[in-house]
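Taking it in order: structure first as structure tokens, then the write-up.
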Amino acid sequence: MLFYYLIIALFIGIATLFNRNSIIRFVLLGMFLTLQTAITFYAYLHLNIEEYGYFKYDSLGVIFMFVLNLLSFTTIYHSHIYLSHRKDNSRVQSIYFAALIMLIVAMTAVYVASHVGLMWVFIELTTLSVATLIYHERTSLSLEATWKYVFVCTIGITITFIGIILLSFGIGESVAIDFSFKALQEQLLHVNESWLKISFLFMIIGFSTKMGLFPMHTAAVDAHTVAPPPISAFISTTLMNVGFVAIFRTYSIFAHTSIQPWINEVLLWSGLISIIVSAAYLLKVKHLKRMSAYSSIEHMGLTVIGLASGGIGYFAAIFHMVLHSFVKASVFYQIDQFHRNFGTYTISKTGNYFNRNRAGAIVFLLALFGVIAMPPSGLFITEFWIFKALFTSSHFLILTLALLFLSFTIYSLAKNFLFILFNQTKDMLPVQETTKVSETYSQYFLLALIFYFGIYPPYQMINLIQEAVKNLP
Amino acid sequence: MINILLITFGISLIYMGIANRLSTCINVLALQGVLLFGISFIELIEINTLNLIFVLFETIVFKTIIIPLFLKHVIKKNKIVRESEPFIPDFMSVGIITFIMLGSFIFANIIEVANIRKMFFIVAIAALFIGLFLIVSRKKVVTHIMGYLVIENGVFILSLSAGNKMQMLVNTGITLDLFVSVLVLGVFVNRIGNTFEEMNVDNLTNLKD
């Protein structure tokens, strides 16, 4: 089934690339979304079934496929709004949507890949397709960001590949190595510790380019700054989920070996430094999209801390990623409207958004509740679980530092968002363009999900997450 | 024989550190492609036709012919000055590269690689770090791609020494990915050349907080 999905999606992508008619493009995108929905539900109904020995619809992949499916509807919708307001010509729009389709397909394949080499190939494909999208506005700034993003991600992914090869060194030359995740987990039990440590480090450094974790977080931030807002929403949510899936799978193959305490320590510090870095930059940030990007890095840091502290932390980490995807996507969709209203992303030149665009302002206000994890939102519960897991695994130093720097990020996020909403400065830019209320409905829907999931998480999702973490120690 | 080839590869890495002209760097990269072909040809003893074609394609066609020609085309088209413009003097470069080689030698001894494979391992790790060094110490965007290619060559040697146990499908995918990423990077170099007067990294410092 996945084979047919890839083939059909490829044809739809090529057709989108060469098509110049807007009605046919609309039909093609509709077909693609139908296909994407079909593969997602097919995967859910065929849980844990392997295909061709390279793909497996496991519960972790299926969770993120649902997130991706939902967000591809909204992203394509908001991309359409974004492109029609920019008055881009038909050719540019074709390239944009073809790259978007390729990106969605590559991400789907990463989620369900059960072979480490194949996952690697598709992660590289996400880099190349998202590069086209980041470069969409064709300015010198977007050129710089795209160059940095492609270069850092390519180097990062090469480093991951070195990690995989080192792993095969450690396993030994006598046996024919099976690089599927399931087989690797058993083969690693007999490997020398120093080999394990080296290959784990290489693999994590490489995958952290995608997830936006500490050693390689810079590329993602620059990419956010210049990418079209609907694409920023994707980079910040589903693409970071790609990195998370890769790191989660790497973690779960190493988790049964004797170096588990050591890798926990590495991940904890990586997560903590991500939070510290984001807190430091958030205090002086001036650009609205960079602010949201740093906030994403902070959330990734929290997720990895949850993953590394074990127990309920595993569960909380996956749940947190899901909720973070919804809240961050709605923030970035709203940023597009915000940009049309003010004509700038610089925070100090804006203000009084509450009177200028009330529907959009309420989106920001509710999203602020989500981003800083205020109680009615689901993120409060997941963050609470993460800290509980830290507490029960008695990492008190990490806990204290994380809470301390988290309060800095909460302060700066709240300050900037409230400035945008209520500040009455004189040198504010005039209204460029009023936006329709109907454009915010999808954002309200996503925000409603984070509050709803916090109170009544659907039992299907709970089951899927529990299934995904049940093999971890 | 393999050792001679590997050592030649190592020497070519040092030479790359002091090569002043960009075209020399590209020729060294082409030479490395030939060396890699020799190494993999000897290494894969039980070579079957499919494997041979694959290796031939990857080393001779990609690494020795297409990519160097492509880079030369990029340089010609954008009228890039022929100097490689390092940030640090050549003498220091050679010193650092030698130091990296020594470091990878010691590293391989610490983690106890099996004896036959040690040579491969040392050269591969050295190529990785020398590639990174070339990237951070050069001003031009094109030389960054060259540094990346050196890293890639190191990865190739490393995967050879692991006995090439990845399945064919995955291997092909990886090769294609690397190839496409070099092309994409090249395309962006062209764009940078069109947008800015000089293709230095100094132009790429506008994104900051």
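Looking at chain B as a GNM with Cα springs under 10 Å, which of B:Leu29, B:Leu102, B:Leu128 has the largest mean-square fluctuation? Result for chain B, Cα springs under 10 Å: B:Leu102 fluctuates most. Evaluating 6.51 cos²θ - 1.76 cosθ + 1.60 at θ = phi - 60° for every residue in the range A:461-473, the Karplus couplings come out as 5, 4, 4, 4, 5, 4, 5, 5, 9, 5, 8, 7, x Hz, glycine and proline recorded as x.
The phi torsions of the range A:42-50, fed into the Karplus equation with coefficients 6.51, -1.76 and 1.60 and a -60° offset, translate into couplings of 4, 5, 5, 7, 10, 4, 6, 9, 8 Hz, rounded to whole numbers, with Gly and Pro shown as x.
Axis of helix A:116-134 versus longest Cα principal axis of chain A: the two differ by about 10°, to the nearest ten degrees. Couplings for the range A:135-144, taken from phi via the Karplus curve 6.51 cos²θ - 1.76 cosθ + 1.60 with θ = phi - 60°, read 7, 3, 7, 6, 9, 5, 5, 5, 4, 4 Hz in order; Gly and Pro are left as x.
The longest stretch of chain B left intact once loop-based GluC sites (Glu not before Pro) with at most 10 other Cβ atoms within 10 Å are removed from consideration, loops following DSSP, is B:47-196. The protection proxy used here, the mean number of other Cβ atoms lying within 10 Å of each residue, ranks peptides A:274-285, A:101-112 as follows, highest first: A:101-112, A:274-285. Averaged over its residues, how many other protein chain Cβ atoms are within 10 Å of peptide A:112-123's Cβ atoms? Other-chain Cβ atoms within 10 Å of each residue's Cβ, averaged: 3.
Helix A:358-371 and the longest principal axis of the Cα set of chain A meet at an angle near 20°.
What pairs from B:Lys77/B:Lys139; A:Lys56/A:Lys182; A:Lys328/A:Lys470; A:Lys148/B:Lys208; A:Lys148/A:Lys349 go past 22 Å between their alpha carbons? Too far apart for the 22 Å limit: A:Lys328/A:Lys470; A:Lys148/A:Lys349.
For chain B, the membrane-span-like helix rule (DSSP H, alpha carbon extent of at least 20 Å along the helix axis, mean Kyte-Doolittle at least -1.0) picks out B:2-18, B:22-43, B:90-110, B:115-137, B:141-161, B:168-195; this says nothing about an actual membrane. Axis angle, to the nearest 10 degrees, between helix A:378-392 and the longest C-alpha principal axis of chain A: 30 degrees. Centroid-to-centroid, using Cα positions, the range A:290-364 and the range A:42-116 are 21 Å apart.
Select from the range A:366-473 those trypsin sites (Lys or Arg not before Pro) which occupy a DSSP coil region and have at most 15 other Cβ atoms within 10 Å, ordered by residue number.
Working: sites: A:Lys388, A:Lys415, A:Lys426, A:Lys436, A:Lys470; in loops: A:Lys426, A:Lys436, A:Lys470.
Sites meeting the loop and neighbour criteria: A:Lys426, A:Lys436, A:Lys470.
Fewest first, what order do A:His136, A:His320 take by the number of other Cβ atoms within 10 Å?
The most exposed by this proxy come first: A:His136, A:His320.
Please average, across the residues of A:133-143, the number of beta carbons from any other chain that are within 10 Å of each residue's own beta carbon, and give a whole number.
Details: counts 0, 0, 3, 0, 0, 2, 1, 7, 3, 1, 8.
Average neighbour count from other chains, rounded to a whole number: 2.
Anisotropy class assigned to chain A is oblate, per the alpha carbon gyration tensor with a/c at or over the 1.5 cut-off and a/b no larger than b/c.
The mean count of C-beta atoms from other chains within 10 Å of the C-beta of residues in A:144-155, rounded to a whole number, is 5. The alpha carbon centroids of the range A:121-194 and the range A:398-473 are separated by 30 Å. Exposed loop sites here mean trypsin sites (Lys or Arg not before Pro) with a DSSP loop assignment and at most 14 other beta-carbon atoms within 10 Å; chain B contains its longest site-free run at B:83-207.
Would you compute, from DSSP H runs of 4+ residues alone, the mean residue ellipticity of chain A at 222 nm, taking -39500 (n - 2.57) per run and dividing by the full residue count, rounded to the nearest 500? Walk me through the numbers before you get to the answer.
Details: 20 runs with 366 residues, N = 473.
Value at 222 nm, helices only, nearest 500: -26500 deg cm²/dmol.
Laboratory data are not the source of any read-out in this text; all were calculated from the coordinates shown. If you're wondering where the values come from, they're calculated on a predicted model, not measured in any experiment. Here Cβ is always computed from backbone atoms with ideal geometry, including for glycine, and neighbour counts include all displayed protein chains.
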